[in-house]
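Trainee: I'd like to ask you about the structure that follows.
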Ligand code: AVI
């Protein structure tokens, strides 16, 4: 038994390295062209999917531990309270898939609960950060001897298309951390619809969704006193400097996070403190900024319970169960096709 698990571990490393190499060139091209498009558009923007290089992923881990950033610890507390209910609802041992697994810390709560019930479990983390994926897979294999990990370094949709088929096993797809909030409402519904199609009748999804709440709580969560979120936001400019020969002076940009209650979203921006022109060598581009001009870097949508129901309806899912923390800051939702 022990030898079989170690062989699995070697299979994981080999297949992951191949995927990482194949994806690297595509990711570089995507970054360059997306930066060009965003910084030549009016208004300027940069896609939040570029936050997560090694530096950005490390900063995001720090954000998750900040006192102001309630989503991570609140979702973890909900998962601890509902894990056995989830295992009960899902029934037979599923293939456990996770989208954007990162360090997979909260996933451990569910992995532990499934292993306690079923004795063994197959876990398929899908993440665009190969570094985070390798690290978390190793840590999980070490800590859970009965776990089998098939890691996929890819965008979500490509990763879902490449899921290993396990005959007779259902799937539970985890999408935690309210990552769904970084898509707009229509994109979120379209993506869930796509997942709904690929899941089949035996599949289910467990989705963590942040809830609408007071603006002051939200704005503090995205503009913390220690300035970690500001560094996370500015890492986009630092990344352009590192990878594309950009000449951004990070001190000449201000991190801004505001909640738009009507749209139900926190917006993050980088605002030019004064007028400047920033050359980006690899793009052969000079980007001109007016004083006060902003680069829109992220939206983080918040949902009411009605909006969660609407999202489920729009994507062909049934909202089978829903769990909250006591203060109703955050929700965990079990969706069935
Ligand atoms: C990953 N995502 C769900 C985070 C959020 O809350 O929207 C990203 C983040 N941005 C700033 N802080 C955290």
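The values are calculated or read from the model by the stated rules, or taken from the named source; none is laboratory data. Keep in mind it's a predicted model, so treat the numbers as computed, not measured. Glycine also receives a Cβ, built like all others from the backbone with ideal geometry; neighbour counts cover every protein chain displayed.
Trainee: Looking at the range 172-221, which of its residues are within 20 Å of residue 321 (Cβ to Cβ), part of a loop (DSSP other than H, G, I, E, B) and within 16 Å of the ligand (Cβ to nearest atom)?
Mentor: Listed by number, the residues that qualify are 176, 177, 178.
Trainee: Right, next: Do you know which residues across the range 158-171 are over 27 Å from residue 296 (Cα atoms) and either assigned to a helix (DSSP H, G or I) or within 16 Å of the ligand (Cβ to nearest atom) (or both)?
Mentor: Let us first name the residues in the range 158-171 that are over 27 Å from residue 296 (Cα atoms), namely 159-171.
Passing the criteria: 159, 160, 161.
Trainee: Just to be sure before I move on: is residue 287 farther than 27 Å from residue 181 by Cβ, assigned to a strand (DSSP E or B), in contact (Cβ under 8 Å) with a residue 12 or more places away in the chain and touching a helix residue (DSSP H, G or I) at 6+ places or on another chain (Cβ under 7 Å) in the structure I sent? Steps first, answer last, please.
Mentor: Details: farther than 27 Å from residue 181 by Cβ: yes; assigned to a strand (DSSP E or B): yes; in contact (Cβ under 8 Å) with a residue 12 or more places away in the chain: yes; touching a helix residue (DSSP H, G or I) at 6+ places or on another chain (Cβ under 7 Å): yes.
The answer is yes for residue 287.
Yes/no matrix, rows are residues, columns are (1) in contact with a strand residue (DSSP E or B) (Cβ under 7 Å, 6 or more places away or on another chain); (2) crowded, with 20+ Cβ neighbours inside 10 Å:
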residue	(1), (2)
237	yes, yes
247	yes, no
291	yes, no
298	yes, yes
315	no, yes
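Trainee: Evaluate the following for residue 58: is it without any contact (Cβ under 8 Å) to a residue 12 or more places away in the chain, over 16 Å from residue 129 (Cα atoms) and within 16 Å of the ligand (Cβ to nearest atom)?
Mentor: Working: without any contact (Cβ under 8 Å) to a residue 12 or more places away in the chain: yes; over 16 Å from residue 129 (Cα atoms): no; within 16 Å of the ligand (Cβ to nearest atom): yes.
Considered against the rule, which asks whether it is without any contact (Cβ under 8 Å) to a residue 12 or more places away in the chain, over 16 Å from residue 129 (Cα atoms) and within 16 Å of the ligand (Cβ to nearest atom), residue 58 comes out as no.
Trainee: Right, here's the next one. Counting just the residues of the range 76-104 that are within 14 Å of the chain's Cα centre (by Cα) and not in a strand (DSSP E or B), which one comes out surrounded by the fewest Cβ atoms within 10 Å (Cβ to Cβ)? First the steps, then the outcome.
Mentor: Filtering the range 76-104 for residues within 14 Å of the chain's Cα centre (by Cα) gives 97-104.
Within this subset, residues satisfying the condition of being not in a strand (DSSP E or B) are 100-104.
On the way: 100: 22, 101: 26, 102: 23, 103: 19, 104: 24.
Here the answer is 103.
Trainee: Please go through the range 290-321 and pick out each residue that is in a strand (DSSP E or B) and farther than 20 Å from residue 34 by Cα. Full working, then the answer.
Mentor: Initially, the range 290-321 is screened for residues in a strand (DSSP E or B), giving 294-301, 303, 318-321.
Once the filter is applied, which keeps residues that are in a strand (DSSP E or B) and farther than 20 Å from residue 34 by Cα, the range 290-321 yields 301, 303, 318, 319, 320, 321.
Trainee: For the range 35-45: of the residues being in contact with a strand residue (DSSP E or B) (Cβ under 9 Å, 6 or more places away or on another chain) and under 19 Å from residue 291 (Cβ atoms), which is surrounded by the fewest Cβ atoms within 10 Å (Cβ to Cβ)?
Mentor: 43
Trainee: Of the residues 243, 284, 267, which single one is more than 30 Å from residue 200 (Cα to Cα) and surrounded by 17 or more Cβ atoms within 10 Å (Cβ to Cβ)?
Mentor: Working: 243 fails: surrounded by 17 or more Cβ atoms within 10 Å (Cβ to Cβ); 284 fails: surrounded by 17 or more Cβ atoms within 10 Å (Cβ to Cβ).
Answer to the check: 267.
Trainee: Also, I was wondering about something else. Would the range 145-155 turn up any residue that is out of contact with any strand residue (DSSP E or B) (no Cβ under 8 Å at 6 or more places or on another chain), modelled with pLDDT under 90 and not in a loop (DSSP other than H, G, I, E, B)? Lay out the reasoning, then the answer.
Mentor: In the first step, residues of the range 145-155 are kept if they are out of contact with any strand residue (DSSP E or B) (no Cβ under 8 Å at 6 or more places or on another chain); the result is 145, 155.
From what is left, the residues that are modelled with pLDDT under 90 are 155.
Next, from what is left, pick out any that are not in a loop (DSSP other than H, G, I, E, B): none.
Looking through the range 145-155, none of the residues is out of contact with any strand residue (DSSP E or B) (no Cβ under 8 Å at 6 or more places or on another chain), modelled with pLDDT under 90 and not in a loop (DSSP other than H, G, I, E, B).
Trainee: I would also like to ask the following. Kindly provide the set of residues from the range 180-201 that are buried (at least 17 other Cβ atoms within 10 Å of the Cβ) and in contact with a strand residue (DSSP E or B) (Cβ under 7 Å, 6 or more places away or on another chain), ordered by number.
Mentor: Correct list: 180, 181, 182, 185, 195, 199.
Trainee: Does the range 223-243 include one or more residues that are farther than 15 Å from residue 63 by Cα, within 11 Å of the ligand (Cβ to nearest atom), at pLDDT 95 or above and out of contact with any helix residue (DSSP H, G or I) (no Cβ under 7 Å at 6 or more places or on another chain)?
Mentor: no
Trainee: If you don't mind, there's one more thing I want to ask. Scanning the range 326-337 for residues that are closer than 20 Å to residue 71 by Cα and more than 21 Å from the chain's Cα centre (by Cα), which turns out surrounded by the fewest Cβ atoms within 10 Å (Cβ to Cβ)?
Mentor: Ranking the qualifying residues of the range 326-337, first place goes to 326.
Trainee: Give me the pairs: first residue in the range 257-277 and on the phi > 0 side of the Ramachandran plot and at pLDDT 95 or above, second residue within 14 Å of the ligand (Cβ to nearest atom) and assigned to a loop (DSSP other than H, G, I, E, B), beta-carbon distance under 6 Å, and six or more apart or on different chains, which are they?
Mentor: 264/212; 264/302
Trainee: Now, a different point. Would you pick out the residues in the range 261-282 that are closer than 21 Å to residue 36 by Cβ and not in a strand (DSSP E or B)?
Mentor: The answer is 281, 282.
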